[in-house]
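The values are calculated or read from the model by the stated rules, or taken from the named source; none is laboratory data. All values reported here derive from a predicted model rather than from experimental measurement. Positions of Cβ are backbone-derived with ideal geometry, glycine not excepted, and every protein chain shown enters the neighbour counts.
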Amino acid sequence: MPRMSTKRFDYAKGIYYFNIKNGFNSNITIKRIKKEEAVHTFQSYQRKKKVCEWLGKWDGKKFIEDNFEKVAS
């Protein structure tokens, strides 16, 4: 059985990211440039009852704005 890579890309600085859990040990990482678009897309996945994990905005070393409730307000 082929082994799946967990991350096939590098995060870009200043971009918002979140994960959608897709089955057993599988995540789809979604990125959006604008905060409003990221929040809207994240909320639409939540409305569809998807299991989502907000990562936040990548600053080059770590995720900032990683609390979705604060970002969405």
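Taking each residue of segment 17-39 that is exposed (fewer than 12 other Cβ atoms within 10 Å of the Cβ) and looking for partners that are assigned to a loop (DSSP other than H, G, I, E, B) and not aliphatic (A, V, I, L, M) with beta-carbon atoms closer than 8 Å, six or more apart or interchain, yields Ile33/Gly14. If the condition is being buried (at least 16 other Cβ atoms within 10 Å of the Cβ) and under 13 Å from Asn27 (Cβ atoms), then segment 46-68 contributes Cys52, Trp54, Leu55.
Per-residue answers, yes or no, for (1) of a type in the set (S, T, N, Q); (2) out of contact with any Phe, Trp or Tyr (no Cβ under 9 Å at 6 or more places or on another chain):
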{"residue": "Gly14", "(1), (2)": "no, no"}
{"residue": "Lys31", "(1), (2)": "no, no"}
{"residue": "Thr41", "(1), (2)": "yes, no"}
{"residue": "Gln46", "(1), (2)": "yes, yes"}
{"residue": "Trp54", "(1), (2)": "no, no"}
{"residue": "Lys61", "(1), (2)": "no, yes"}
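Among the residues of segment 50-60, those that are modelled with pLDDT of 95 or more and more than 10 Å from the chain's Cα centre (by Cα) comprise Trp58, Asp59.
Among the residues of segment 19-47, which ones are small (Gly, Ala, Ser) and over 10 Å from the mean Cα position of the chain (by Cα)? Of everything in segment 19-47, those that are small (Gly, Ala, Ser) and over 10 Å from the mean Cα position of the chain (by Cα) turn out to be Gly23, Ser26, Ser44.
Scanning segment 53-66 for residues that are within 18 Å of Lys34 (Cβ to Cβ) and in contact with a strand residue (DSSP E or B) (Cβ under 9 Å, 6 or more places away or on another chain) turns up Trp54, Leu55, Gly56, Lys57, Trp58, Phe63, Ile64, Glu65, Asp66.
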